[in-house]
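See below for the structure under consideration.
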Amino acid sequence: MIRSKLVPLTLALVLVAASGCLGAGTDDPTNSNSAISSGMDDSEVRSTLVAATEDVDSYTATLETTSSTGGDEYESTYRIAIDRETERARWNSTTEANGETYNTTALIDGSTIYSTNETSEIWTRLDHVGSAEWEDVDRLSTFVTLADQANATVVGSTTVDGVGATVLEADVDPETYASVVADENVSTNAIDRSNVTASIRLVVDNQTGLPRTIEMQRTETSEYFTHELHSTMTIDDYGPATQIGTPQETVTATVRTGSDSGTVTVVTASASPTKEE
């Protein structure tokens, strides 16, 4: 039961993730049928990226993160499925912390999070009232918005699976970071955004204008600690035939009521919450 509480906390950490700028490839990105061509300027590339991403109804991705604060380090791998039309998502996570490995599952239905782990047969439900929980979950949208508002520039080109791709990078200033992330992430509003710096790197498919990988580096400093979070998000598929269900509630018992964060409810699931075609 205690481990299941790690899911909202782990999500809160990764929902503000960012990671560093790496070297770009040198292949010619020109393609007459591409959404992105070598003749575009930076603003045109960003506009194409934003428009293509907004048209995505669903996607699956793998997100790998490394978090460090002082001498403590945590590594997590998330298998993510996002359905924007129904505003449902699934996060299957494996986290290594303090010599232990935790496997957890989070199912998000709008502003509600259901969570469980490999040692439990029950689901914990967290209901947020008036929060922007869905925006917290859809990382693709947040990352692309950050890149656009930080005026990411084309720094080179490469190929992914034999297809030409454009590499964009940007440093994200504290004001831009706060305007995009802080307003979305209710669970971390207490952080002093003026102490947060970030950078972002995207590899964007020239033919579709959609990201293939996104890397971000986020550093938060204070008089007490320095927290660094590195993340790499790889899009596995756009438009997958995946149905994301939620637990069927047969028995519920309220275990804690929060003032601003919502109500936590223990849920017994009578059937598998997730179906995949």
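Looking at region 112-128, which of the residues that are in contact (Cβ under 8 Å) with a residue 60 or more places away in the chain and assigned to a loop (DSSP other than H, G, I, E, B) is surrounded by the fewest Cβ atoms within 10 Å (Cβ to Cβ)?
GLU121
Kindly establish whether THR48 is open to solvent by less than 20 Å² (accessible area, probe 1.4 Å) and at negative phi.
Here the answer is no, as THR48 does not meet what is asked.
Name the residue that is surrounded by the most Cβ atoms within 10 Å (Cβ to Cβ), counting only residues in region 57-108 that are closer than 28 Å to ASP148 by Cβ and more than 15 Å from the chain's Cα centre (by Cα).
My answer is THR86.
Out of all the residues in region 129-147, is one or more at pLDDT below 90, crowded, with 20+ Cβ neighbours inside 10 Å and under 30 Å from GLY71 (Cβ atoms)?
There is at least one residue in region 129-147 that is at pLDDT below 90, crowded, with 20+ Cβ neighbours inside 10 Å and under 30 Å from GLY71 (Cβ atoms).
Quick one: which strands (runs of 3 or more DSSP E) sit completely within region 166-268 and have at least 1 residues that are over 27 Å from ALA106 (Cβ atoms), at pLDDT 75 or above and within 21 Å of the chain's Cα centre (by Cα)?
196-205
Condition first: in a helix (DSSP H, G or I), in contact (Cβ under 8 Å) with a residue 60 or more places away in the chain and open to solvent by 50 Å² or more (accessible area, probe 1.4 Å). Can you find one or more residues in region 33-42 that meet it?
Yes, region 33-42 has at least one match.
What are the residues in region 43-76 that are part of a strand (DSSP E or B) and among the aliphatic types (A, V, I, L, M), if any?
ALA61, LEU63
The values are calculated or read from the model by the stated rules, or taken from the named source; none is laboratory data. All figures in this text were calculated on a predicted structure; none of them were measured in a lab. Here the Cβ is made from the backbone with ideal geometry for all residues, glycine too, and neighbour counts use every protein chain on show. Surface areas here come from the heavy atoms of the whole protein model, side chains and all, with no ligands, DNA or RNA. Shrake-Rupley method; radii C 1.70, N 1.55, O 1.52, S 1.80 Å.
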